[in-house]
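Please treat every number below as a calculation from the coordinates, not as lab data. This is a predicted model, so every value here is computed, not measured. As a convention, Cβ positions derive from the backbone with ideal geometry for all residues, glycine included, and neighbour counts pool all protein chains shown.
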Amino acid sequence: MFNEYLKDIKTYEAGKPIELVVREFGIEPQNVVKLASNENPLGCSPRVKEAIAKNTHLASLYPDDSMYELKEALSKRFGVNEKNIIIGAGSDQILEFISHIKLNRTSKILRSAVTFAMYDIYAKQFGAQIVTTPSYRHIASEFIEKINAQNPDIIYICTPNNPTGDASKKEDVLAIIEAAPKESLVVVDCAYMEYVEDKAYKLEPKDFLNYDNVIYLGTFSKAYGLGGMRVGYGIANENIINMLYKVRPPFNITSLSLLAAVEASKDEAFVQKSVALNRQEMHRYIEFAKKNGLEFIESSTNFITYLFDEKHDSSKIANSLMRQGIIIRDLASYALNAVRITIGTKEQNDKLFEVLAKEI
Ligand SMILES: *Cc1c(COP(=O)(O)O)cnc(C)c1O
């Protein structure tokens, strides 16, 4: 009765919302600490809130479908032409567009063993086959080997990678791109690139504009703190962008989302402040791991992944924390005995350390 491809899809399990913990465990919403979805603990720029408050009339109006101002802001920020940009309802929607222009039931996608879950969900919707490298890290030689053996239609490079937090060197990303067949599309998903400070790992959209088959993805959901507004972007050569436009529905982000992203773009200081807080608190997470004998993955993002030994069970720990009002992400569904914790404010992190220390 339904599309047969859907049988094989596991519904995306989003980070648990605060409302669920309030409902199930009777904890006051202000006492719930949510460190599960890599949101910015500082919220967003005050400029955004002010602009939304002043422009509520926009709720009744369709957005400017050319998204001119936002494209202009991105074009200045990245030194690219407006024609090289497409905006989506989160970069998630761009992933969907990409799947539409590339995939059918004879296609293959290639990804690392542990990466963003949406790549598979979109691939399966089109009946495409999923090929993975052996390692959860992005190892260029593993990618190249699979490219040569499998000739994938889409190659996903997620850097820094979610849910592991490790980043790929620019030279390794370029090596994978060079090995990719011309007919394939290489998607460089950079949702956390604002947090990357080491130059060898820092990627920019214009690094890839000379390639006919590469697209850079970014988002306002993480460092810019606009997860609730759903704004992401893809940057690539005009040919790819024109194809993506064929599958884009009109008015695909809201008027207020557009306004929010434009305003957020004017406040780079907020992003810098967020990145600085993250760096400072990340140190404390590393110290905590060392002090408690926990293994962790070196992270270039606003989250850290703690790996447990066989004495501990990630699902049990995540559930126990949830009952105490702290939401973190269990990675059991990625076949890892690990949890992913978003770096919060100092106070949120203090609470997490206090509660987690008793579990391990
Ligand atoms: C959060 C995230 C996205 C998408 O976020 P949107 O809110 O849809 O922009 C894409 N890729 C990765 C790896 C992410 O972690």
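Taking amide H positions as modeled 1.01 Å from N, with prolines and chain starts lacking one, the residues under 5 Å from LEU226 and 5 or more places away or on another chain are SER221.
For the stretch 305-322, the Karplus equation 6.51 cos²θ - 1.76 cosθ + 1.60, evaluated at θ = phi - 60°, returns couplings of 10, 9, 9, 9, 8, 5, 6, 10, 10, 4, 5, 5, 5, 4, 5, 5, 5, 5 Hz by residue, with Gly and Pro reported as x.
Positive-end ranking of LEU336, VAL231, LEU103 along the dipole of the chain, with charges on Cβ about the Cα centre, is headed by VAL231.
Considering only LEU35, PHE303, ALA123, the residue lying farthest towards the positive end of the dipole of the chain is LEU35, judged by Cα position with unit charges set on Cβ.
The stretch 208-225 and the stretch 53-131 have Cα centres separated by 9 Å. With 26 Å as the limit on Cα-Cα distance, the pairs of LYS182/LYS206; LYS16/LYS316; LYS124/LYS170 that go past it are LYS124/LYS170. The packing ranking of peptides 352-358, 66-72, 246-252, highest mean first, is 66-72, 352-358, 246-252, where packing means the average number of other beta carbon atoms within 10 angstrom of each residue. Taken one residue at a time, the phi angles of the stretch 200-217 give Karplus couplings (6.51, -1.76, 1.60, θ = phi - 60°) of 5, 10, 7, 10, 10, x, 6, 4, 10, 5, 6, 8, 7, 10, 10, 10, 9, 10 Hz. Gly and Pro are set to x. Here the stretch 46-267 is treated with +1 on each Lys and Arg Cβ and -1 on each Asp and Glu Cβ, and its dipole about the Cα centre works out to around 300 debye. Across the stretch 43-57, computed HN-Hα scalar couplings (Karplus, 6.51 cos²θ - 1.76 cosθ + 1.60, θ = phi - 60°) run x, 10, 4, x, 4, 5, 5, 4, 5, 5, 4, 7, 10, 4, 4 Hz from first to last residue, x flagging Gly and Pro.
Between the residues LEU217, VAL114, ILE360, the greatest Cα displacement towards the positive end of the dipole of the chain, with unit charges on the Cβ of Lys, Arg, Asp and Glu, is found for ILE360.
Counting only DSSP beta bridges with both residues in the chain, the antiparallel share comes to about 55 percent.
In the chain, helices alone account for a calculated mean residue ellipticity at 222 nm of -12000 deg cm²/dmol, with every DSSP H run of four or more residues adding -39,500 (n - 2.57). The value of relative contact order for the chain, using C-alpha pairs under 8 Å at least six residues apart, is 23 percent.
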